[in-house]
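Okay, so here's the structure we're looking at.
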Amino acid sequence: MLSIWIPFIYVSTLSRAHWLYLLPIFKEGWFPVLSSIQFMIYPMLGIGLVLFLYPQLVNKEKALPAMIISNTLTCIVYLGITLICYVYFSPDEIGEYNDPVISIMKSVEFQFIERVEVVFIAFYLFVFSCIWIPSMYIVSRCSASLVGKGQERFHLAVWCIVIEISFLLYRPSFIKSTQINYALNYIGFMMEFALPAGILLYVAIRKKMGGGQRT
């Protein structure tokens, strides 16, 4: 709720938008549109947390509607900000920016604040922390269950120290970070989509074969 004002900042830039930048919509066909799906896998990861959080919920019947609403709102925000960037920057200009989502903030000024992007980055770090904090808790909980020794807090402290030391020893370049991001996309896709589908198929085949033997 603290970051709900961010989409309205992007909407304020529509007064300088050029909608003709969107035309033609499918200039190179559907392939560029479909190929961009791989870049959206990593931001949309996290569905696997449901397996850990669902047993802890008090009102389990509200889990599915909440997931549908939250993911729908996220997709609407992503789509809206993407369209705003494309109508604000020209097709030739948008390729010159490394991160148009933040660059567009530099052109927004208000009477009570000049550099909106500074506040945006601060709130972005807060929103980003809401992603990695639950993930770190799940990792520490899984490692404690696998090892069978120590409490979750101890494993969480160990993981934080390991990550901090790794950041001090290894500082990848921009190109290397992009390659790591691509690798994480594939790993996340395999872990959250391909692996559960394979396990579900295995369980279905095993159940069917077991049922056939009993009959």
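A compact table of results
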quantity: Rh by Kirkwood over Cα pairs, then Stokes-Einstein D for the chain at 1.567 mPa s and 4 °C, µm²/s; calculated: 61 µm²/s
quantity: The stretch 134-215: chymotrypsin sites (Phe, Trp or Tyr not before Pro) in DSSP loop, at most 12 other beta carbons within 10 Å; calculated: TYR170
quantity: Mean accessible surface per residue for the chain, computed with a 1.4 Å probe while every protein chain stays in place, in Å²; calculated: 79 Å²
quantity: Segment VAL158-ALA204, length gained on full extension (0.36 nm per residue, minus Cα span); calculated: 12.7 nm
quantity: Cleavage-rule hits (chymotrypsin sites (Phe, Trp or Tyr not before Pro)) in the stretch 1-71: DSSP loop, at most 10 neighbouring Cβ within 10 angstrom; calculated: PHE26, TRP30
quantity: Contact order normalised by residue count of the chain, Cα under 8 Å, 6+ apart, percent; calculated: 27 percent
quantity: Computed over the stretch 106-167: relative contact order in percent, which uses C-alpha pairs under 8 Å that are six or more apart; calculated: 19 percent
quantity: With every protein chain in place, the chain: carbon and sulfur % of accessible area (1.4 Å); calculated: 71 percent
quantity: Estimated distance in nm for a label pair at CYS142 and ARG16, the labels positioned 7 Å out from Cα along Cα-to-Cβ; calculated: 4.5 nm
quantity: Exposure of VAL11 as accessible area (Å², to 10), given a probe of 1.4 Å and all protein chains; calculated: 80 Å²
quantity: Estimated 222 nm signal from helices in the chain, with DSSP H stretches of n ≥ 4 weighted -39500 (n - 2.57), rounded to 500; calculated: -20500 deg cm²/dmol
quantity: Relative pair counts by distance (%), Cα atoms of the stretch 161-204, 10 Å bins; calculated: 24, 30, 27, 16, 3
quantity: Expected-Rg normalisation [2.2 N^0.38 Å, Cα atoms] applied to the stretch 62-168; calculated: 1.52
quantity: Efficiency of FRET from Cβ geometry, SER3 and SER107, R₀ 22 Å, rounded to 0.05; calculated: 0.65
quantity: Label-to-label distance, nm, for residues given as PHE128 and LEU53 (7 Å Cα→Cβ offset); calculated: 2.0 nm
quantity: Kyte-Doolittle mean at least 0.5, axial Cα span of 27 Å or more - DSSP H helices of the chain; calculated: 63-88, 116-147
quantity: Segment ALA194-ILE180, length gained on full extension (0.36 nm per residue, minus Cα span); calculated: 3.1 nm
quantity: DSSP-loop trypsin sites (Lys or Arg not before Pro) across the stretch 134-215, with at most 14 other Cβ within 10 angstrom; calculated: LYS149
quantity: Mean projected area (nm²) of the alpha-carbon convex hull when the stretch 123-184 is viewed from all directions; calculated: 5.3 nm²
quantity: For ALA17, distant residues with modelled amide H under 5 Å away; calculated: none
quantity: Pair ARG171, TYR97: separation of 7 Å Cα→Cβ label points (nm); calculated: 2.7 nm
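The values are calculated or read from the model by the stated rules, or taken from the named source; none is laboratory data. This is a predicted model, so every value here is computed, not measured. Positions of Cβ are backbone-derived with ideal geometry, glycine not excepted, and every protein chain shown enters the neighbour counts. Areas reflect the complete protein model, heavy atoms only, side chains present, ligands, DNA and RNA absent. Shrake-Rupley method; radii C 1.70, N 1.55, O 1.52, S 1.80 Å.
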